[in-house]
Amino acid sequence: MNRGNATLALLLVFSLIWAYWLTHRSGAGSAQGEGAVWEHQVRDVESIEYRSGEHRVTLSARWTEGREEPHIWVQTLGGDEIGTKDDSREAARTFKGNNIARKMLDFLAAPLAKRRLGRLDDLDGKPLGLPNPERVLEVRLRGAADPLTLELGNDSFGGSMVFARFLGDNKVYLLPKTDVERPRRAGAQMMERKLLAVTMPQLERIEIAISGGSASLYQTDSPGKWAAALDQEGDDQERTRFAQALSRLNVLEYLAEGSGPQAVPGEVALEVRFFEPEKPEPVEWLKIWQPAADKAIGQSGFSSSQVELNTGQVEQLLQAARKISASL
């Protein structure tokens, strides 16, 4: 190793030791223990945006009256995974977020820092990767003019934490890396794949409408078995096959956000309504459009927008529904 390389190696080791000391020192200077960077209610959060170079992930919370939980919509730009190049998805991609997106919302309403290191002016920001790093988190609150901004610097010694500067007070915090970087694989991990808000075991009956006809399915005393009447002994194979096909449906892609204009207009081939015991009104609904151009489209109350479904599974569902209708 020549002298120049040895000098660079020593500087790197020194920087890591300095960052480690900042992370673990206690009772020195302005360093303090665990505490919130800011504190707001989850309902205060309107959106979260994570930027890293050309990659951008935005989470938008849609609060509606009467609902305790928001609909969270995620938009990605520049590919699904930060640090990779995906030429097929340079355009924005929008989908409904799942419980991982909700955890991101919960954390950033009142982010808990493992350690507060003091103002950046009093620290050596270089080994921390601050200021002006590539990664930035912005949280917008409802009714607020300006966002709450976190600059995300280098990982801490050990890699479980991230040095972050809150622009609101110019202080440096140590935040859990897992919490602040949930959007890194937004497409793979944050998309809600569930199509229906109900599961088959909790239902008493299902009503279907297809080709001008209608039929009812009643769950028997044996969970997963369905019949044409509530008091029928044994199950109806076609009705059980239909219910099984329903339970296998999952979202492949979201075609629009929320309940806006239909992304794929056309003829509705099947309508389904789901009922729980002792509830006269349906607790969930589903529409399936006639598959065309190798694409199957559906929409449920839970999805709140048109979604792409597995074509083979939808064909099985429609085939079972037609047999039920033909037997009436």
The stretch 28-189, dipole about Cα centre (Lys/Arg Cβ +1, Asp/Glu Cβ -1), debye to the nearest 20: 260 debye
Two-site label geometry, R248 and R67: point separation in nm, points 7 Å out along Cα→Cβ: 3.0 nm
Long pairs among K114/K171; K114/K177; K194/K295; K103/K126, criterion Cα-Cα beyond 21 Å: K103/K126
Loop-located trypsin sites (Lys or Arg not before Pro) in the stretch 153-212 whose Cβ has at most 12 other Cβ within 10 Å (DSSP): R193
Karplus-derived 3J(HN,Hα), 6.51/-1.76/1.60, for each residue of the stretch 108-115, Hz, glycine and proline x: 7, 5, 8, x, 9, 8, 6, 7
5 angstrom amide H check on W226, placed H, neighbours 5+ away: T220, D236, T240
E315/D122 FRET efficiency (R0 45 Å; Cβ-Cβ; nearest 0.05): 0.10
For the stretch 28-189, fraction of C-alpha pairs farther apart than 21 Å, in %: 46 percent
Inter-probe distance in nm under a simple model that places probes 7 Å from Cα toward Cβ, at D155 and A197: 4.0 nm
M200, M191 arranged by Cβ crowding within 10 Å, fewest neighbours leading: M200, M191
In order through the stretch 292-307: 3J(HN,Hα) via Karplus (6.51 cos²θ - 1.76 cosθ + 1.60), integer Hz, x for Gly, Pro: 8, 6, 6, 9, 10, 10, x, 7, 10, x, 6, 5, 6, 7, 5, 9
Amide H contacts of L195 (H built 1.01 Å from N, under 5 Å, at least 5 apart or other chain): V251
Karplus 3J(HN,Hα) series, Hz, for the stretch 164-170 with 6.51 cos²θ - 1.76 cosθ + 1.60 (x for Gly, Pro): 9, 10, 8, 5, x, 10, 6
Charge tally in the Cβ shell below 9 Å around A296, where Lys, Arg are +1 and Asp, Glu are -1, A296 excluded: -2
Eligible aspartates and glutamates near K96 by straight Cα distance, threshold 16 Å, same-chain separation 8 or greater: E46, E49, E69, D80, E192, E253, E257, E308
For the stretch 200-326, alpha-carbon Rg over 2.2 N^0.38 Å: 1.04
Coarse-grained scattering of the stretch 101-147 at q = 0.23, 0.27 Å⁻¹, given as base-10 log I(q)/I(0) from a Debye sum over alpha-carbon atoms: -1.08, -1.11
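Computed from the coordinates by the stated procedures, all read-outs in this text should not be read as laboratory data. Not measured: the values here are computed from a predicted model. Here the Cβ is made from the backbone with ideal geometry for all residues, glycine too, and neighbour counts use every protein chain on show.
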